[in-house]
């Protein structure tokens, strides 16, 4: 991972987060809580806002019904491909899509 990314870019990068979670799997319970609290204690205002948003989003998502398990394998594969394409900047800009379908408005 590129060390030049700022904190905001790292938090937005799904692959960075997955890698960090995998590396931190061995830390659990009270040790994990202490490490997180140390980061919060030393955080600047921008990082505190990001942590707040992350915690609120996580709480909201865990309270919602998880529909992923209800999807079939083809649907899951299509979603995963779309996420990978987006990560690799493959896709059609919104403006182009809107122009393509403008005749049906």
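Here is a list of conditions, (1) assigned to a helix (DSSP H, G or I); (2) surrounded by 11 or more Cβ atoms within 10 Å (Cβ to Cβ); (3) at pLDDT below 85, and residue 27 meets all of them except one; can you say which number that is?
With respect to (1) assigned to a helix (DSSP H, G or I); (2) surrounded by 11 or more Cβ atoms within 10 Å (Cβ to Cβ); (3) at pLDDT below 85, residue 27 is out only on (1).
Looking at the range 52-90, which of the residues that are in a loop (DSSP other than H, G, I, E, B) and at pLDDT 85 or above is surrounded by the fewest Cβ atoms within 10 Å (Cβ to Cβ)? Explain how you work it out, then say what you get.
So in the range 52-90, the residues in a loop (DSSP other than H, G, I, E, B) come out as 64-67, 71-72, 88-90.
Now narrow it down to the ones that are at pLDDT 85 or above: 71-72, 88-90.
Details: 71: 12, 72: 8, 88: 8, 89: 6, 90: 10.
Restricting to residues being in a loop (DSSP other than H, G, I, E, B) and at pLDDT 85 or above, the top hit is 89.
The values are calculated or read from the model by the stated rules, or taken from the named source; none is laboratory data. Just so we're clear, the structure is a prediction, and the values are computed from it rather than from any experiment. Cβ sites come from the backbone with ideal geometry, for glycine too, and all protein chains shown count toward neighbours.
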